[in-house]
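First the structure, in the form of structure tokens, and then the observations on it.
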Amino acid sequence: MQSQSLLEYRCPCCGSINTLAKESVIDMYKEQLESCKQCHKRLEIIAATGINDQINLIVSELSDTIY
């Protein structure tokens with residue numbers, strides 16, 4: 001069961017379930033960088049307001065390309 005202080009998200013690369021502390025979502029709609037606990041890919045997470053003031057997490061894999 002999910003704790004009220006943790007938000008769950010699925011890694012888009014390996015499908016593993018990860019958690020993010022709700023308190024760490026300081027700025028809505030601002031990207032945060034995390035690593036998947038299973039495959040260690042770098043992920044960009046953006047918190048957004050969902051239905052009934054729930055928090056939706058938009059998760060994408062960061063490219064390893066350096067510009």
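The values are calculated or read from the model by the stated rules, or taken from the named source; none is laboratory data. Computed from a predicted structure; not experimentally measured. Neighbour counts are summed over all protein chains in view; Cβ atoms, including those assigned to glycine, are modelled from backbone coordinates with ideal geometry. Only protein heavy atoms, including side chains, enter the accessible area calculation; ligands, DNA and RNA are left aside. Shrake-Rupley method; radii C 1.70, N 1.55, O 1.52, S 1.80 Å.
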Scanning region 13-41 residue by residue, those touching an Asp or Glu at 6+ places or on another chain (Cβ under 6 Å) and within 12 Å of L57 (Cα to Cα) turn out to be T19, E31
Looking at region 39-59, which of its residues are closer than 18 Å to S5 by Cβ and either open to solvent by less than 50 Å² (accessible area, probe 1.4 Å) or of a type in the set (G, A, S) (or both)? I45, A47, G50, L57
Residue among I55, I51, I46 that alone is more than 13 Å from I17 (Cα to Cα), β-branched (V, I, T) and in contact (Cβ under 8 Å) with a residue 24 or more places away in the chain: I55
The correct count of residues that are assigned to a loop (DSSP other than H, G, I, E, B) and either among the hydrophobic types (A, V, I, L, M, F, W, C) or surrounded by fewer than 12 Cβ atoms within 10 Å (Cβ to Cβ) (or both) in region 12-38 is 10
